[in-house]
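Working notes for the structure below.
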């Protein structure tokens with residue numbers, strides 16, 4: 001019996017030792033594939049060995065490497081799954097919490113992502129990426145709730161169930177080039193890097209009805225069994241710069257940038273664009289200026305130069321379109337982060353667009369816009385809906401920069417999307433009414449002006465309505481006028497508005513026979529000096545008199561009955577004169593103004609026929625239509641509060657129109673003479 005137990009123990013030990021050796025060999029094989037960039041192959045092997053591991057530290061390590069494979073292959077769902085396991089087993093790599101947060105953010109799980117970013121900040125407080133990640137979640141929620149005006153729709157005619165990305169316009173708006181891993185691509189074997197077929201460059205054309213043709217591989221010698229992509233087409237469709245990543249049977253040979261020209265037989269044999277002088281350096285994603293004197297590209301290592309993060313964007317220049325490129329320069333910290341910057345695109349005016357997972361963004365890769373101000377780049381996230389929680393990259397514009405294409409995996413597959421900027425539409429819709437009765441006023445003249453010269457005049461309809469179409473970035477003044485009414489004026493502006501808007505306005509015209517109370521006119525106690533808060537109301541009166549340049553008015557000040565008659569009379573005269581002096585100081589001619597003081601002789605009459613009267617009746621329920629706030633009336637009120645309200649209503653400054661035919665402008669603004 002003892003011998004049997006010994007044999008069993010020995011066999012178990014041998015099996016454990018063999019199993020452990022096998023696991024280490026598989027991990028080594030996976031590590032080797034990971035080291036040369038064959039992430040799909042590495043992930044397959046890591047997954048097989050993970051299920052056999054029993055040690056928590058080993059499981060944590062392999063789970064982290066599986067998360068890395070998912071992250072690099074832009075499979076954020078897979079990355080989140082494995083980073084979650086890695087942090088659960090407390091992997092000894094703080095970056096697992098950062099990358100787990102990024103993966104959750106790319107899945108739109110912003111609250112969960114913030115938890116991981118905070119944990120990373122506690123682990124590595126000196127690394128700003130934790131704070132950037134946390135802020136990004138708040139930004140994303142705000143951008144989703146308040147999207148920009150861009151319209152983004154999937155290009156159904158072109159897309160496939162494979163990866164379609166990195167679009168570029170051809171010789172016209174109706175021709176597109178893009179990269180795709182669809183079945184008709186040259187490479188038949190799946191890539192050890194991505195697990196998909198190798199990408200080729202395809203093209204499609206749009207017919208007169210707006211329908212795209214079936215995409216086909218470009219003619220000529222551009223596509224190979226390796227990967228080609230990120231093409232940019234120049235010179236009206238005759239020149240192509242693109243990336244080619246060669247693959248041998250046993251190795252990934254890295255990527256280079258090539259140039260090809262279009263001729264009768266299609267695209268010519270490509271010529272490598274020499275940028276670094278080192279054949280071992282990978283360069284990709286060319287973005288070339290229209291004159292071919294500036295090129296932006298992507299690399300993670302340039303000999304003798306330092307990268308800021310994973311992949312950086314670099315720039316080279318030359319003096320002629322056939323000359324040699326100068327030494328590459330890193331675009332610096334404003335563009336390049338500690339993350340990855342990829343897929344640059346340069347517009348005709350020099351604006352740089354690129355994708356980044358290191359700047360504050362909504363998810364994985366976000367698209368950014370960069371404008372050079374002197375020697376400094378000003379970088380701006382293009383926000384929703386250009387960006388989404390997923391990966392958004394490879395943008396291109398057509399000429400006017402209001403239309404273009406981008407690539408995104410926001411809807412299951414990496415596909416092409418069309419985006420456009422709808423024109424801003426501004427409309428002013430209004431109604432002209434009688435301010436006393438609120439009845440519509442037909443046949444009123446409505447005049448629209450702006451400092452930029454936009455001017456229009458129409459007549460209000462039978463229901464008093466009118467409508468104007470407005471221009472963006474413009475200040476407007478609209479004036480409504482009708483004979484025997486005071487003209488009304490309203491200012492509106494479309495400046496600073498980045499969304500279409502309809503302005504709804506009411507222009508209420510008061511009959512000239514009215515007496516008009518000036519609201520909020522205040523004086524120092526027992527003095528004639530105007531208080532500063534009175535200026536707002538008086539400035540409105542200045543505007544009324546300016547618009548109604550054909551009228552003259554009488555200004556009257558009134559007091560309550562408290563105090564002596566002579567004192568109140570003198571005080572009211574002085575206050576009316578103060579108002580008159582203010583108007584004169586603002587440019588109103590003195591011969592259009594008359595001032596009188598009524599003292600306490602003219603108590604307030606409450607009338608439902610006027611707008612001011614209706615406001616008073618709505619606010620103070622103890623008052624009735626037709627009440628006259630005499631001393632006798634006030635003394636009969638029930639409370640001191642009601643009495644004080646009536647005293648305040650009696651203390652008022654008013655104006656009434658004396659003439660409506662003043663000066664040479666007597667017929668202006670609808671005087672009808």
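Descriptive notes on the structure:
- Subset of the stretch 128-138 that is surrounded by fewer than 16 Cβ atoms within 10 Å (Cβ to Cβ) and over 19 Å from the mean Cα position of the chain (by Cα) - its residue that is modelled with the lowest pLDDT: 128
- The stretch 471-497, residues that are part of a strand (DSSP E or B) and under 21 Å from the mean Cα position of the chain (by Cα): 493
- Residues within the stretch 540-599 that are over 20 Å from residue 523 (Cβ atoms) and over 48 Å from the mean Cα position of the chain (by Cα), tallied: 6
- A count restricted to the stretch 508-527 and to residues that are farther than 28 Å from residue 445 by Cβ and surrounded by 19 or more Cβ atoms within 10 Å (Cβ to Cβ) stands at 2.
- Residue 641 falls short on exactly one of the conditions (1) outside any loop (DSSP other than H, G, I, E, B); (2) crowded, with 18+ Cβ neighbours inside 10 Å; (3) within 54 Å of the chain's Cα centre (by Cα), and that condition is (2).
- Cross-chain or 6+ apart pairs with Cβ under 6 Å, the stretch 636-660 first and within 12 Å of residue 622 (Cβ to Cβ), then assigned to a helix (DSSP H, G or I): 637/643; 643/634; 646/634
- Single residue of 280, 319 found to be loosely packed, with under 14 Cβ neighbours inside 10 Å and either modelled with pLDDT of 95 or more or more than 28 Å from residue 33 (Cβ to Cβ) (or both): 319
The rows are residues; the columns are (1) over 19 Å from residue 405 (Cβ atoms); (2) modelled with pLDDT of 90 or more; (3) assigned to a loop (DSSP other than H, G, I, E, B); (4) not assigned by TED's automatic domain parsing to the domain that holds residue 387.
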position	(1), (2), (3), (4)
140	yes, yes, no, yes
158	no, yes, yes, no
167	no, yes, no, no
176	no, yes, no, no
182	no, yes, yes, no
187	yes, no, yes, no
193	yes, no, yes, no
204	no, yes, no, no
230	no, yes, no, no
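- Here is the figure for the stretch 5-55: residues that are out of contact with any strand residue (DSSP E or B) (no Cβ under 9 Å at 6 or more places or on another chain), modelled with pLDDT of 50 or more and either in a helix (DSSP H, G or I) or loosely packed, with under 11 Cβ neighbours inside 10 Å (or both) total 30.
- Residue list for the stretch 552-582, filter: crowded, with 19+ Cβ neighbours inside 10 Å, touching a strand residue (DSSP E or B) at 6+ places or on another chain (Cβ under 6 Å) and farther than 17 Å from residue 515 by Cβ: 568, 578
- Residue in the stretch 489-496 that is buried (at least 22 other Cβ atoms within 10 Å of the Cβ), modelled with pLDDT of 95 or more and touching a strand residue (DSSP E or B) at 6+ places or on another chain (Cβ under 9 Å) present: no
- Counting only strands (runs of 3 or more DSSP E) wholly contained in the stretch 355-426, the ones carrying 2 or more residues that are within 26 Å of residue 161 (Cα to Cα) and either modelled with pLDDT of 95 or more or not assigned by TED's automatic domain parsing to the domain that holds residue 201 (or both) occupy 366-373, 392-397, 403-411, 413-420.
- Check on residue 505, surrounded by fewer than 20 Cβ atoms within 10 Å (Cβ to Cβ), in contact with a strand residue (DSSP E or B) (Cβ under 6 Å, 6 or more places away or on another chain) and on the phi < 0 side of the Ramachandran plot: yes
- Residue check for residue 335: assigned to a loop (DSSP other than H, G, I, E, B), modelled with pLDDT of 95 or more and either outside the structural domain of residue 392 (by TED's automatic domain parsing) or within 30 Å of residue 106 (Cβ to Cβ) (or both): yes
- Leading residue by the ranking (nearest to the chain's Cα centre (by Cα)) among those in the stretch 56-90 that are assigned to a loop (DSSP other than H, G, I, E, B) and under 17 Å from residue 391 (Cβ atoms): 74
- Residue, nearest to residue 514 (Cα to Cα), within the stretch 428-455, restricted to residues that are within 39 Å of the chain's Cα centre (by Cα) and exposed (fewer than 14 other Cβ atoms within 10 Å of the Cβ): 429
- Some residue of the stretch 150-158 being over 27 Å from the mean Cα position of the chain (by Cα) and either surrounded by 15 or more Cβ atoms within 10 Å (Cβ to Cβ) or under 14 Å from residue 388 (Cβ atoms) (or both): yes
- Filtered residues of the stretch 394-417 (kept if closer than 12 Å to residue 366 by Cα and buried (at least 24 other Cβ atoms within 10 Å of the Cβ)): 394, 395, 406, 407, 408
- Inside the stretch 316-332, residues that are within 36 Å of the chain's Cα centre (by Cα), under 30 Å from residue 392 (Cβ atoms) and assigned to a loop (DSSP other than H, G, I, E, B) make up a count of 3.
- Yes/no for residue 244 being in a strand (DSSP E or B) and either more than 34 Å from the chain's Cα centre (by Cα) or over 27 Å from residue 279 (Cβ atoms) (or both): yes
- Among the conditions (1) more than 36 Å from the chain's Cα centre (by Cα); (2) closer than 30 Å to residue 75 by Cβ, the only one that residue 395 does not satisfy is (1).
- Selection within the stretch 276-292 - assigned to a loop (DSSP other than H, G, I, E, B) and touching a strand residue (DSSP E or B) at 6+ places or on another chain (Cβ under 6 Å): 282, 283, 289
- Scanning the stretch 583-638 for residues that are in contact with a helix residue (DSSP H, G or I) (Cβ under 7 Å, 6 or more places away or on another chain), farther than 29 Å from residue 660 by Cβ and not in a loop (DSSP other than H, G, I, E, B) turns up just one, 634.
- For beta carbons closer than 9 Å, sequence separation of 6+ or different chains, a first residue in the stretch 280-308 that is free of Cβ contacts under 8 Å to residues at least 60 places away in the same chain and a second that is assigned to a strand (DSSP E or B) and loosely packed, with under 15 Cβ neighbours inside 10 Å, the qualifying pairs are 293/317; 294/317; 295/317; 305/329.
The values are calculated or read from the model by the stated rules, or taken from the named source; none is laboratory data. Here the structure is a predicted model, which means the values were calculated and not measured. Cβ atoms come from the backbone with ideal geometry, glycine included; neighbour counts cover every protein chain shown.
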